[in-house]
Amino acid sequence: MPKAKGNTNDAGHPSDYFPDIDEWPDDWMGIEEDVEIGRGLLALFIPYIQHLIDEGLARKTVKSHGYHLKMLGGEIIERLNQDDEDNRQLSPRELILHYVDEGGGPLLSFLDPNIKAELAQHMAYDATCRKLLKFVTPQST
């Protein structure tokens with residue numbers, strides 16, 4: 001379980017951490033229909049970010065996870081535009097389940113895993129993706 005730290009700021013909503021969060025789908029867009037898919041992904045990301053805030057994680061930690069989610073959304077949209085056109089029919093949740101697994105998120109096309117600093121960044125991104133997967137996957141009791 002992540003360490004909860006005293007959140008000394010008054011931010012309590014994802015938009016307090018990410019003022020441009022509603023613009024993320026536009027940032028990810030390659031073609032017009034991407035915006036709707038992006039909004040669907042964002043609709044899953046926002047409750048997860050809220051969950052992190054509610055757990056009392058440090059502002060820097062929440063912002064780091066949010067940054068990784070923004071990268072994930074962009075990577076999913078990019079893949080839909082490159083080779084995975086057939087996956088456009090999937091729901092946003094199904095897209096996450098398709099691209100994220102226990103190992104993490106899809107390989108980020110703009111990072112070189114052979115560069116140590118970029119590999120470290122990708123590992124942090126993968127950790128966020130695994131946590132998101134756990135959040136969106138119903139737990140059997």
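Bear in mind that the values in this text are calculations on the coordinates, not laboratory data. Small disclaimer: the values here were computed from a predicted structure and weren't measured. Reconstructed Cβ throughout: ideal geometry from the backbone, glycine too, with neighbour counts over all protein chains shown.
In deg cm²/dmol, rounded to 500, what helix-only [θ] at 222 nm does the chain give when every DSSP H run of at least 4 residues adds -39500 (n - 2.57) and the total is split over its residues?
Numbers: 6 runs with 83 residues, N = 141.
Computed mean residue ellipticity for the chain: -19000 deg cm²/dmol.
Given axes a ≥ b ≥ c from the Cα gyration tensor, I'd like to know whether segment 6-125 is rounded (a/c under 1.5), prolate (a/b larger than b/c) or oblate.
oblate
Each Lys or Arg adds one and each Asp or Glu subtracts one; over the other residues with Cβ under 13 Å from the Cβ of residue 130, this totals -1.
May I ask you to sort 45, 110 by Cβ crowding, counting other Cβ atoms within 10 Å and putting the fewest first?
Values: 45 26, 110 9.
By the 10 Å Cβ count, ascending: 110, 45.
Considering only 91, 64, 109, the mean-square fluctuation computed in a Gaussian network model of the chain, springs between alpha carbons under 10 angstrom, is largest for 109.
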